[in-house]
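Presented below is the structure to which this report refers.
The values are calculated or read from the model by the stated rules, or taken from the named source; none is laboratory data. Note that the structure is predicted; figures quoted are calculated from it, not measured. Here the Cβ positions follow ideal geometry from the backbone for every residue, glycine too, while neighbour counts run over all protein chains shown.
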Amino acid sequence: MIKKIKTVLLFLICFGVFQTAFSQSDYIVKKGAIDSIYSTVLNESRKIFVEIPKDYDPESNYKYPVAFILDGEFQFNALQLVHGYYSGGFMPEMVLVGISNLNNRNRDLTTSKLDEETAPPYLQDTGGAETFTQFIEKELIPFIEEKYPVSNYRTLIGHSYAGLFTVNTLLKHSELFANYLAIDPSMDWDNQQLVKEAKEIIKTKSFKDKSLFVSLGGQLHMANKDITIDNVMKDTTVLTLFARSNIEFTEHIKKSKNDGLQLYWKFYPNDLHGTIPLPSMRDGLIDLFSWYQMENINRFNDPETPVDELSAIIKNREQKLENHFGYPEAPYPDYLLNTLGYMSMDMGQPEKALFYFKLNTEYYPDDANSYDSLADYYEAQGDKENALQNVKKAYALSGSDYHKKRVDKLSTE
């Protein structure tokens, strides 16, 4: 039987919007499906981890935004948890892709090659960021787009060296992703090599429609507790270079007038370099997708709000999402429109109920349940002809016994 959501409790709308993950996820911690791709650019096979939203219908043509996270073995679970709790209300449902950097991490994620005579033994193979970017652009993204239900709206997430790589990708290959989340990035790398490059790049390059979130952990100085966020920039020792590089880079962006980049920056005084990824992913994704969050919920909750006003709110949101994603996107999930429709019926507002149910069939024309719900409305109004017509549409899409029985029942009444 097709599941229907019926309620007269207004507050459940807010709860349903922001807490859908509780009903959709079992929170068994796993790294998604394990896949792999052979790279001719890197001359090696690379493991990846992929998670598809649980409500994905393989029969549909729907494409999700996609978030790529580096150091997949270590960071993918944190991304899963954040996305599981906050998707739907604070960020869109997305396909998550974790990229393995377990092997050759220093080589792939660092942006310049250190002098082998002076570099420590563990940093003899460095400076391969541009090559690794070519792997992502020429091989990994096409592989993911061909095999998984993803759109071309992408987010890149990286921590430490991977954060350095993330910033490098924004500066030099900004067309690859819409959002960049750099978690405690190693901007001190090679005597601030990328910080210096950034100052020149930002002078002439446009970052219109691009967003960057940068975080900084609380370990500003490894040996001096008197160094704080208020005085760290006055210190000149190498022990604060990591923090100073982060701040110097972001302050330069803030002062730039014409780069168009949307910048978010946050300091985490109580987090270490190893603990900062989880809160940074939460805050970073919420900030990067701040435009996605639902507005005017109080107007939907107010039974006095006229249909014309609700229609304007919905159309404005539809246009806003299209402007950001670059392609048409339904302004609200089907379950929410369905809930609003049944709630309006329960409150004795048939005009409003019909408005929501019809919108659902317009935004989700391949969803059998949207037509089945519209049929419920017509049947409640005593309009058996339109009820039967919509149940037939639902049956044509689902082929289910439930809809077949309902067609037969309405046909004989």
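Brief remarks follow.
- In region 183-200, the residues that are closer than 12 Å to Leu241 by Cα form Cβ pairs under 7 Å with partners that are modelled with pLDDT under 95 and not hydroxyl-bearing (Ser, Thr, Tyr), at six or more places apart or across chains, as follows: Asp190/Leu114.
- Beta carbons closer than 9 Å, at least 6 apart along the sequence or on distinct chains, never pair a first residue in region 104-132 that is among the aromatic types (Phe, Trp, Tyr) with a second that is loosely packed, with under 13 Cβ neighbours inside 10 Å and in a helix (DSSP H, G or I).
- For the residues Ala375, Ala368, the requirement of being in contact (Cβ under 8 Å) with a residue 12 or more places away in the chain and closer than 19 Å to Asp57 by Cβ singles out Ala368.
- When residues of region 171-206 are limited to those that are part of a loop (DSSP other than H, G, I, E, B) and at pLDDT below 95, the one surrounded by the most Cβ atoms within 10 Å (Cβ to Cβ): Lys205
Condition check ((1) basic (Lys, Arg); (2) surrounded by 14 or more Cβ atoms within 10 Å (Cβ to Cβ); (3) in contact with a Pro (Cβ under 8 Å, 6 or more places away or on another chain); (4) not assigned by TED's automatic domain parsing to the domain that holds Met94) across all residues:
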{"residue": "Pro303", "(1), (2), (3), (4)": "no, no, no, yes"}
{"residue": "Ile314", "(1), (2), (3), (4)": "no, yes, yes, yes"}
{"residue": "Glu322", "(1), (2), (3), (4)": "no, no, yes, yes"}
{"residue": "Pro328", "(1), (2), (3), (4)": "no, no, no, yes"}
{"residue": "Phe357", "(1), (2), (3), (4)": "no, yes, no, yes"}
{"residue": "Glu362", "(1), (2), (3), (4)": "no, no, no, yes"}
{"residue": "Lys393", "(1), (2), (3), (4)": "yes, yes, no, yes"}
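- Within region 345-354, the set of residues being touching a residue at least 24 places away in the same chain (Cβ under 8 Å) and either surrounded by fewer than 20 Cβ atoms within 10 Å (Cβ to Cβ) or not assigned by TED's automatic domain parsing to the domain that holds Asp383 (or both) comprises Asp346, Met347, Gln349, Pro350, Glu351.
- The numbered conditions (1) assigned to a helix (DSSP H, G or I); (2) free of Cβ contacts under 8 Å to residues at least 40 places away in the same chain are all true for Ala78 except (2).
- Output for region 214-231, where each listed residue is in a loop (DSSP other than H, G, I, E, B), surrounded by 13 or more Cβ atoms within 10 Å (Cβ to Cβ) and touching a helix residue (DSSP H, G or I) at 6+ places or on another chain (Cβ under 7 Å): Leu220, His221, Ile227
- Meeting the requirement of 2 or more residues that are among the charged types (D, E, K, R), the helices (runs of 4 or more DSSP H) wholly within region 248-334 are 277-288, 307-325.
- Selection within region 354-366 - of a type in the set (A, V, I, L, M, F, W, C) and under 31 Å from the mean Cα position of the chain (by Cα): Phe355, Phe357, Leu359
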